[in-house]
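> Quick one: this structure, given as structure tokens, is what I'll be asking you about.
Readers should treat all values here as calculations from the given coordinates under stated rules, not as data from a laboratory. All of these numbers come straight from a predicted model, not from anything done at the bench. Cβ sites come from the backbone with ideal geometry, for glycine too, and all protein chains shown count toward neighbours.
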């Protein structure tokens, strides 16, 4: 069966509809109207004489034939993208758009300063930076690189470890004046905590061969790391925070670190990206630059 240029376009549109989850989202992602996207799907089904999608007013799902056809269409779309990337990599000066997402606090404290310097080195690379503490759907939003503080769980994506961030236990001086300084892990259960809702409420500490688990509790909780730091700075309790966040506040006398002779779990930071994106020269440049930048931040908090 011969394939026309128009059918190839329809196949790429179909792959985008599946990956974006709806005709509307696909239309927005590839810059077409919803009517044009719908036209391509209908024309493809008519040409193949088989139904590819089950559609309702709220959702779409693949038919058995649609699932098999999508796998082929996805490969075509990826190969086209790879061809563009190969040409891009031949250019002496990298250019084009990079869409990046990262948590708010690590973004403001580390990623944005790093991107400031990166853009001075590569001014032709456009940067679109989305700061959010929610886990963004990389494929749906067309993200090139997501900064995440957790191991990769989606096998459809790829990841590169950027850094390991140290953490410390901190509180405001006025808090410790009222509540006293914890001397052992057992003392921590007697203190108020500012709860960070995106992590477990059990704190793990180590000293030599001994391990300690402390269940933390408090009346203030938040899903934002910057807010967590602000609450402990305000004297409302203690929390485990990254050393890059604690360091300047400890130096300014706004926070104090405690139990420094105990080891806390570190935070592994990953750069997560779509399959095949590692072939992009501009993305490789950014990932390598971030690794170097993170390494420069690794100095003790106290």
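> Going by Cα centres, the range 1-74 and the range 258-292 are how many Å apart?
The distance from the Cα centre of the range 1-74 to that of the range 258-292 comes to 35 Å.
> Can you compute the FRET efficiency between residue 119 and residue 28 using 1/(1 + (r/R0)^6), with r the Cβ-Cβ distance and R0 = 25 Å? Round to the nearest 0.05.
Efficiency at R0 = 25 Å is approximately 0.45.
> What is the order of 232, 147, fewest Cβ neighbours within 10 Å to most?
Neighbour counts put them in this order, fewest first: 147, 232.
> Which distance in nm do the two modelled labels at residue 112 and residue 158 give, with both placed 7 Å along the Cα-to-Cβ direction?
About 3.0 nm, to one decimal.
> Residue 137 to residue 8: extension gain in nm, 0.36 nm per residue of separation minus the Cα-Cα distance? Write down the numbers at each step before the final one.
Working: separation 129, 0.36 × 129 = 46.44 nm, distance 2.61 nm.
Between residue 137 and residue 8, full extension yields 43.8 nm more.
> Per the Kirkwood definition applied to all pairs of different Cα atoms, how many angstroms is the hydrodynamic radius of the chain?
Final number for the Kirkwood radius of the chain is 22.3 Å.
> Please work out whether the range 167-265 counts as rounded, prolate or oblate from its C-alpha gyration tensor, where a ≥ b ≥ c are the square roots of the eigenvalues and a/c under 1.5 means rounded, while otherwise a/b larger than b/c means prolate and anything else oblate?
Rounded, because the longest to shortest axis ratio a/c is under 1.5.
> Among 115, 127, what is the fewest-to-most ranking by other Cβ atoms within 10 Å?
Lowest to highest Cβ neighbour count: 127, 115.
> How far apart, in nm, are two points set 7 Å out from the Cα along the Cα-to-Cβ line at residue 224 and at residue 184?
Result for the modelled spin labels: 3.9 nm.
> With the cut-off at 1.5 for a/c, could you classify the range 26-124 from its C-alpha gyration tensor as rounded, prolate or oblate? Don't jump to the answer; show the numbers that get you there.
Values: a/c = 3.00, a/b = 1.94, b/c = 1.55.
Prolate, since a/c reaches 1.5 and a/b exceeds b/c.
> Please work out whether the range 5-75 counts as rounded, prolate or oblate from its C-alpha gyration tensor, where a ≥ b ≥ c are the square roots of the eigenvalues and a/c under 1.5 means rounded, while otherwise a/b larger than b/c means prolate and anything else oblate? Walk me through the numbers before you get to the answer.
Numbers: a/c = 1.37, a/b = 1.12, b/c = 1.22.
Verdict is rounded for the range 5-75.
> If you fit an axis through the alpha-carbon atoms of helix 281-296 and take the longest principal axis of the Cα set of the chain, what angle between them do you get, 0 to 90°, nearest 10?
The two axes meet at around 0 degrees.
> Return a whole-number percent for the relative contact order of the chain, with Cα pairs under 8 Å and 6 or more residues apart as the contact set.
It rounds to 21 percent for the chain.
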